[in-house]
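Written out below as structure tokens is the structure these notes cover.
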């Protein structure tokens, strides 16, 4: 089996059932057509299924499964279909392994494929189950959820006034879907908020803008909100447009640095993370993955290109930077190709592979761990920025990381040696404050001047480029002369 390039986040569920020979029945449990019929399903248990027990033990558990199914069909307070029972069982079997493995019905699998293309219907929000609660991973840029002010780390507790806390992720996701143009009220709990927050949004077709850009003087800014099939191509377009905008300024107007914004980027496709990293790293390893079977281990190396021609780069990260976004940040940090500024990333160091079951759906299964070029695994640990800067004084930042989730996979197999301290940081790094001054304005994502992490990132990259880098906190009044040019 060849591992697919499928590193994905979000809510998903899948289907699949394997059975071996069955003999006998468990005393005290009812017989039924399903449990009796299972005994004739196969003549031999596959060797791979017997690695943790003998054939008889596997057979007993499969009989137990059938008998419990029959019990639920016969005795549950309301009629329940075999379809629902099997789907629930498969969902629990896979999702119980780790927070990122899941079971998808055929419809859910179709929705997931649409989402990775960058266009789909809904509120534009990535959610994940955590201990029976629904946690927002990140709202997508420009989506109804982002415009309504929903934040990473918020917990969804009600939809249209109906309590959804404790419900399966898929059920809540389906509740929030509907006809474009219809209004929906979502209630969330937010850390340090004195009471639940209810926001009303209008459903719409989401055309996910995975890449945006702006030009601040001679410094380019590229925001990557998710790694879909079009991310790397859109990033190339954005960079070329920034160069043209800088060149159009005339004498001395060349692009002299870049800020790459990966904050609140929940990740996406592995091949896109590799392609984006390759655009900045001229040579050496980008990432490697190690699976249960060593024959499925893989590594990817840069192909000798750097589209920026070695311009200085600052990468912005935070607790919502996860998965594929962490691969890019980790590769650029290990190669000393960029300076990372912000707060510690989420810490998802695993790879998920999609296994379709035609006519039923698909299983999204954690199949490997990934490792940065220096050999470290960031699973449960995250990536620590080179320059620590919070986005506000009062906000504790993204309060939930991979390490806080239930039954995560272990961090193992990586380079355990202490990272070598960076000696290539610009002199200005030591003078960057770790939080905004007391009278810094509240963050408004539509006003770059209020984004403290961005302003300090611009200051660092200007210094790296040999340009003036004035202290934006000197008067506690952010500059107002930056002109942003969005890339369609």
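Here residue 233 meets the list (1) at pLDDT 95 or above; (2) assigned to a helix (DSSP H, G or I); (3) under 30 Å from residue 463 (Cβ atoms) almost entirely, failing just condition (3).
Name the residue, out of 400, 389, that is at pLDDT 95 or above, in contact with a strand residue (DSSP E or B) (Cβ under 8 Å, 6 or more places away or on another chain) and in the same structural domain as residue 268 (by TED's automatic domain parsing). One residue alone meets the criteria, 389. Residues in the stretch 215-229 that are part of a loop (DSSP other than H, G, I, E, B) and surrounded by 24 or more Cβ atoms within 10 Å (Cβ to Cβ): 2 in all.
For residue 266, the criteria (1) within 30 Å of residue 466 (Cα to Cα); (2) buried (at least 24 other Cβ atoms within 10 Å of the Cβ) hold in every case but one, which is (1). Elements of the type strands (runs of 3 or more DSSP E) sitting completely within the stretch 255-351 and holding at least 1 residues that are farther than 27 Å from residue 208 by Cα, in the same structural domain as residue 229 (by TED's automatic domain parsing) and without any contact (Cβ under 8 Å) to a residue 24 or more places away in the chain: these cover 298-301. Hey, any hits in the stretch 149-159 for a residue that's more than 30 Å from residue 408 (Cβ to Cβ) and buried (at least 20 other Cβ atoms within 10 Å of the Cβ)? The answer is no; no qualifying residue exists.
Residue by residue, here is whether (1) within 30 Å of residue 90 (Cβ to Cβ); (2) assigned by TED's automatic domain parsing to the domain that holds residue 150; (3) without any contact (Cβ under 8 Å) to a residue 40 or more places away in the chain holds:
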residue: 380; (1), (2), (3): yes, no, yes
residue: 383; (1), (2), (3): no, no, no
residue: 407; (1), (2), (3): yes, no, no
residue: 411; (1), (2), (3): yes, no, no
residue: 417; (1), (2), (3): no, no, yes
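Among the residues of this structure, residue 420 counts as one that is within 23 Å of residue 299 (Cα to Cα) and either surrounded by 15 or more Cβ atoms within 10 Å (Cβ to Cβ) or at pLDDT below 95 (or both).
If you go through the stretch 147-166 and keep only what is under 17 Å from the mean Cα position of the chain (by Cα) and at pLDDT below 90, you end up with 151, 152, 153.
If we scan the stretch 456-470, do we find a residue that is at pLDDT below 90 and in the same structural domain as residue 224 (by TED's automatic domain parsing)?
No, that holds for no residue.
Residue 430 - would you say it is in contact with a strand residue (DSSP E or B) (Cβ under 6 Å, 6 or more places away or on another chain) and assigned by TED's automatic domain parsing to the domain that holds residue 263? No, not satisfied. Any chance the stretch 329-337 includes a residue that's at pLDDT 95 or above, in contact with a helix residue (DSSP H, G or I) (Cβ under 8 Å, 6 or more places away or on another chain) and buried (at least 24 other Cβ atoms within 10 Å of the Cβ)? There is at least one residue in the stretch 329-337 that is at pLDDT 95 or above, in contact with a helix residue (DSSP H, G or I) (Cβ under 8 Å, 6 or more places away or on another chain) and buried (at least 24 other Cβ atoms within 10 Å of the Cβ). Filtering the stretch 374-385 to residues that are in contact with a helix residue (DSSP H, G or I) (Cβ under 8 Å, 6 or more places away or on another chain) and surrounded by fewer than 22 Cβ atoms within 10 Å (Cβ to Cβ) leaves 374, 376, 380, 381.
The values are calculated or read from the model by the stated rules, or taken from the named source; none is laboratory data. The structure presented is a predicted model; accordingly, all values stated were derived computationally and were not measured. Because the Cβ atoms are built from the backbone with ideal geometry, glycine has one as well, and the counts that use them run over all protein chains shown.
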